[in-house]
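Let me begin by presenting the structure, written as structure tokens, before commenting on it.
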Amino acid sequence: MELKLPEYGQHIVFCGSTGSGKSYLAERMLRCFDHYFAIDTQNSLNLDDARTITTPAQLASHLRWQKKLKYIPALNQRERGTWNSIFAALDASSTKRKPSERIIYIDEIFHLGYGPSFPIWLPRAITTARQKRISYWIATQRPKQIPMPVLSEASKIYAFYLSREDDIHYLAGFARSDKDKFEAALLSQKNDYSFIEIDVRTGSWHQYSKLSTKEN
């Protein structure tokens, strides 16, 4: 069974421990799209066709004209106020009347903040992005700790190997189909790039042993 790519406007969450394969899957999927903005705080994404920027000022000058952007923020640009201004700008770049299809990928959500230091504009933008044809793709090692709008607004969750059982139990709540079997499948996941796709709307899920994608 091949993995069907999402459409613009559908949100996705990639969950998994370091090295489990979530960033690799995201890279492969992003290469199938013409319009994305990737936040790469670790400078580890392999997106050779994207223009790299390092400051919010560059974002303002490139967002309208450059379809593929990778943002590697300088150390002095990683504070809550800066992140809020970036997500506000991304949200304003598309409207319901004139949607600008774009995927916004965040390679690790906790590099943006945690708890009270988390940028409030991110969950705010996620809740309004779907109607503007903007997709948020979020990667995280700890799904239980991320803001609820991130998961509740997601169309799909891709679950890779997770080292903590509380994260596994938490994700099981999104799989209403054969919940016990799903939790057992998550517990049996290995650090080998295999993953489970959860359809948040229906609660159905499917386990993949190999990465395979096809365009819609």
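Structure notes:
- Here K98 is the anchor, and the lysines within straight C-alpha reach of less than 29 Å, apart from those fewer than 8 places off in the same chain, are K4, K67, K68, K70, K132, K156, K214.
- Helical mean residue ellipticity (222 nm; -39500 (n - 2.57) per DSSP H run of 4+; nearest 500) of the chain: -7500 deg cm²/dmol
- Counting beta carbons within 10 Å around each of W65, W137 and listing the fewest first gives the order W65, W137.
- Fully extended contour minus Cα-Cα distance, from A184 to H206, at 0.36 nm per residue: 6.6 nm
- Additional length obtainable on full extension of the chain from S100 to S117, 0.36 nm per residue less Cα span: 3.2 nm
- FRET efficiency, H169 to H62 (Cβ-Cβ, R0 41 Å, nearest 0.05): 0.45
- The relative contact order of the stretch 3-214, computed from alpha carbon pairs under 8 Å that lie at least 6 residues apart in sequence, is 28 percent.
- Pairwise label distance in nanometres, D34 with E7, each label 7 Å out on the Cα-Cβ vector: 1.7
- Shown for the chain is the translational diffusion coefficient from the Stokes-Einstein equation, using the Kirkwood radius over Cα pairs, a temperature of 25 °C and a viscosity of 0.890 mPa s: 141 µm²/s.
- Look at E101, E7, E153 and count the other Cβ atoms within 10 Å of each Cβ; fewest to most, that gives E7, E101, E153.
- For the chain, the longest principal axis of the alpha carbon atoms and the long axis of helix 80-92 meet at an angle near 90°.
- Taking amide H atoms as placed 1.01 Å from N in the peptide plane, the amide H of I104 lies under 5 Å from those of F37, S135, Y136, W137, each 5 or more residues away in sequence or on another chain.
Here, each number is a calculation from the coordinates, and none is a lab measurement. As the structure is a prediction and not an experimental result, all values here were calculated from the model. Glycine gets a Cβ as well: all are built from the backbone with ideal geometry, and neighbour counts include every protein chain shown.
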